[in-house]
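The values are calculated or read from the model by the stated rules, or taken from the named source; none is laboratory data. It should be emphasised that the depicted structure is a prediction, and the values quoted were computed from it without experimental measurement. Note that we place each Cβ from the backbone using ideal geometry, even for glycine, and neighbour counts take in every protein chain shown.
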Amino acid sequence: MLRRILAPIRVRLTLWYMLMLALVLALFGAVLYLTLRTSLYANLDGVLRSSTSLLANMLEVNDGSLAVDLDKPLQWNDPKQGESFWRILDPAGRVVAHSVPNDLGSVPILPQAFETGRHGQEHLQTLYVQGEPIRVYTGAIQQGARLVAIVQAGVSLSDVNQTLSTFAWTILLALPLTVLFAGWGGLFLASRALRPVDQITRTAASISARDLSQRLSLDLPSDEIGRLARTFDAMLARLDEAFREQARFVADASHELRTPLTVMRGTISVALSRPRKASDYQQVLQEVEDETERMSRLVEQLLALARADTGHLSVQRQRVELSGLLADLADHASTLAEPKGLAVFAQIAQGLEANTDPDLLTQIVLNLLDNAIKYTPSGAIYLSAEAIESYLIQITVADTGPGIPQEHLARIFQRFYRVDTARSRDVGGAGLGLALAREYARLLGGDLTVASAPGDGATFTLTLPMAQSD
């Protein structure tokens, strides 16, 4: 039950706020109480000093002796109206004069106070007589360096203690009331401040993987809650796009896998529809083998993309001499381009080195060269490589083909995306090569970009970090 009550964060925040406020108020009240007590005692001690000074000035001293007329009482300014006393003692400790006897007249003469007065020093002490606190002041009356008499004055502390008691009870009663009122206000403010969090929670609870289109769209200031709401909306947008991309990916993969299966099933069905010659069966098997190879390549590409997405694709970095590697790839591309009458020109700077995975880099460049050869009817393919900005290597593959329309450039690296006028299944593409090439490039710490215009060919640029000197 208690855990359920303390579960909301607004309740815990309010309780912590109340606890801290109670501690601060208690400390503040204690400081005020001690300050008031010190001030009242100091004022009372000042009154006692002033009264004894006036009393000493009324005494007559003849030849170092005290002259006191007991038949003519001294006029004592009673600061407490009957709750004080005074007395005068000679150096031997005998009382030679005192105030009118009252309830305080039985205050004992303390040896410590008397000895302090004999040495010409003042002494302040609180005594308890019949349970009542009394503040007693002891001072000396001197003529030159000679001690003439000792004067004592005392006053009851009942009024002071009553004032302190009233003040203490006021603090004790005001503190819990203040904390409770502040706690109510804190709970109200916390509930109002955290109300958007409740809305975020309800919205998150209502969102499912099938519908990520909902948004908070809260009009909040740029505080912590406002930034949380906008971050939550941005996260939903990313998740929505990711789920849509996944759904498109699954649909496209299913379509790409279904096509060769349909072709194989149709080919086999036609072959089995009636008896045929051995050469016909061989032709059917050849077609099935071609479609099987197509499916194998597609499955391998899908597996590579899945590994790249989950971070399980192994990257074996080593120091690679790129100039020689790219020259070999250019020679390989020349062999592939020769049947179409295409020329391959290579312009590769010498001494290029990178800490990279040679297998992945080879797949990237071969994919770019293969695409350039497939989609270039006539002309040439250009492969170049150079160092830029002293820390990057730029590898460029350009062609003289029909180019890529501007509306397709932003999506050219999407999975299963094909430009109808330049990329079709007739040349064997499934729309995964460029997507896989960019994933590989980013795994190697670089990037792959494209620039093109209709009729001007396409230029793919791969950037890689240069190997650092040992």
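Observations on the structure shown:
- Of the residues THR138, THR178, the single one that is in a helix (DSSP H, G or I), among the polar types (S, T, N, Q) and either outside the structural domain of LEU23 (by TED's automatic domain parsing) or under 30 Å from TRP86 (Cβ atoms) (or both) is THR178.
- Any hit, the range 351-362, residues being buried (at least 16 other Cβ atoms within 10 Å of the Cβ), farther than 15 Å from ALA458 by Cα and β-branched (Val, Ile, Thr): yes
For (1) crowded, with 17+ Cβ neighbours inside 10 Å; (2) among the polar types (S, T, N, Q); (3) out of contact with any His (no Cβ under 7 Å at 6 or more places or on another chain); (4) on the phi > 0 side of the Ramachandran plot, each residue gets a yes or a no:
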{"residue": "TYR375", "(1), (2), (3), (4)": "yes, no, yes, no"}
{"residue": "SER378", "(1), (2), (3), (4)": "no, yes, yes, no"}
{"residue": "ALA385", "(1), (2), (3), (4)": "yes, no, yes, no"}
{"residue": "SER390", "(1), (2), (3), (4)": "no, yes, yes, yes"}
{"residue": "ILE393", "(1), (2), (3), (4)": "yes, no, yes, no"}
{"residue": "GLU407", "(1), (2), (3), (4)": "no, no, yes, no"}
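- Residues of the range 338-378 that are in contact (Cβ under 8 Å) with a residue 60 or more places away in the chain and assigned to a strand (DSSP E or B): GLU353, ALA354, ASN355, THR356.
- Some residue of the range 142-156 being in a loop (DSSP other than H, G, I, E, B) and under 20 Å from ASN57 (Cβ atoms): yes
- Residue within the range 157-171 that is closer than 18 Å to ASN43 by Cβ, at pLDDT below 85 and either crowded, with 16+ Cβ neighbours inside 10 Å or out of contact with any strand residue (DSSP E or B) (no Cβ under 9 Å at 6 or more places or on another chain) (or both) present: no
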